[in-house]
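Below is one structure, written out as structure tokens; comments come after it.
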Amino acid sequence: MIRYSAIISDGSFSCNTAILQGDVETVFRQAKEAGYDCVRLTIRDSSDYSVETLRELSIKYGIAISAMATGRIYSVDGYSMGSSDEQNRQTCVKRLCELADFSVQIGHPAIVVGAVRGRYADAGSPEAYYQQFDKSLRSLVEYCERLEVPVILEVIERAESEAYVDPEETLRYVEKVHSPVLHMYLDIMHLYSERLNIIETIRRYGKHSWQIDVSGENRTAPMNSTLDFSKITKAIQESGFDGTLTFEMPPECSAKKSLEYIRGLMSHRD
């Protein structure tokens with residue numbers, strides 16, 4: 001069954017990807033009031049949130065935790081899964097594995113591999129980068145298999161990384177690693193930025209995706225986007241997708257109206 005997840009942050013830093021921001025109880029309450037099934041944490045390390053608080057709020061509001069966005073490990077701390085600096089790379093993997101331990105305590109949300117993958121420049125060449133990234137990803141996946149924690153590899157855009165921008169390349173890599181915990185995921189904004197055919201991409205890869213982010217161009221709310229979300233949601237349904245639709249956009253977008261709009265389209269049948 002498809003779930004709907006709002007990305008949250010604690011409000012202590014500037015963030016244009018968390019639609020709900022503020023102290024953790026406030027955002028859980030807002031997610032419940034807006035009609036979401038779950039939330040995705042924006043997190044650098046396990047000290048960002050209290051396990052006890054997250055457990056209590058999940059029960060109190062009936063809100064699960066779907067995933068953990070890890071990009072700040074790279075954007076703030078500079079740790080890259082593809083770094084040729086072994087200390088840097090290993091520190092990155094260690095941080096991600098610590099989040100896997102954290103995941104077990106809060107309901108097994110997925111670990112997002114987005115910007116934390118780093119860039120080619122972190123290794124000096126594409127060839128060196130992919131070798132280092134592969135070591136990192138396989139180490140993380142092996143660790144997460146024991147814990148039954150999902151790992152989701154995002155199809156990203158070149159503005160954030162050169163690696164795994166192409167959906168087919170991403171799926172082939174996920175299949176090559178061949179782990180029950182490793183999945184791909186799609187972000188409509190990234191597909192738009194890469195000038196891919198969004199409808200055909202979703203139809204082809206939706207069933208392979210753990211989650212799909214439903215913001216429009218430049219993280220625009222879907223009802224204000226120039227993209228045709230009636231066709232996009234139809235493609236999601238036709239693809240066989242059965243994961244989480246995630247709302248990744250800035251807080252000035254209405255969490256409630258964005259969800260109502262997408263839910264309305266998803267419930268429509270021609």
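Results, tabulated for the structure shown:
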{"item": "Quotient of C-alpha Rg and 2.2 N^0.38 Å, computed over the stretch 37-94", "result": "1.39"}
{"item": "Average projected area [Cα convex hull, the stretch 125-176], square nanometres", "result": "3.8"}
{"item": "The chain, helix-only ellipticity at 222 nm - DSSP H runs n ≥ 4, -39,500 (n - 2.57), divided by all residues, nearest 500", "result": "-13500 deg cm²/dmol"}
{"item": "Solution diffusion estimate, µm²/s, Stokes-Einstein, the stretch 88-235, Kirkwood Rh from C-alpha pairs, 10 °C, viscosity 1.306 mPa s", "result": "99"}
{"item": "Pairs beyond 31 Å (Cα-Cα), from K94/K234; K94/K231; K60/K256; K32/K207; K135/K207", "result": "K94/K234; K94/K231"}
{"item": "Residues listed by number, the stretch 149-177, amide nitrogen under 18 Å from D134 label point at 7 Å toward C-beta", "result": "153, 162-166, 168-177"}
{"item": "Long-range Cα-Cα pairs in the stretch 172-270 (distance over 20 Å), rounded percent", "result": "35"}
{"item": "Rg followed by Dmax, in Å, when the stretch 68-113 is reduced to its Cα trace", "result": "10.9, 34"}
{"item": "Dipole magnitude (debye, nearest 20) for the chain, charges at Cβ of Lys, Arg, Asp, Glu", "result": "520"}
{"item": "Cα-based convex hull, the stretch 31-130, per residue volume (Å³, whole number)", "result": "96"}
{"item": "Rg(Cα)/(2.2 N^0.38 Å) for the chain, N = residue count", "result": "0.94"}
{"item": "Volume in Å³ per residue [convex hull over Cα atoms, computed for the stretch 161-230]", "result": "94"}
{"item": "Cα convex hull of the stretch 189-234, projected area averaged across orientations, nm²", "result": "3.1"}
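Bear in mind that the values in this text are calculations on the coordinates, not laboratory data. Quick caveat: nothing in here was measured; it's all calculated off a predicted structure. No Cβ is skipped: glycine too gets one built from the backbone with ideal geometry, and neighbour counts run over all protein chains shown.
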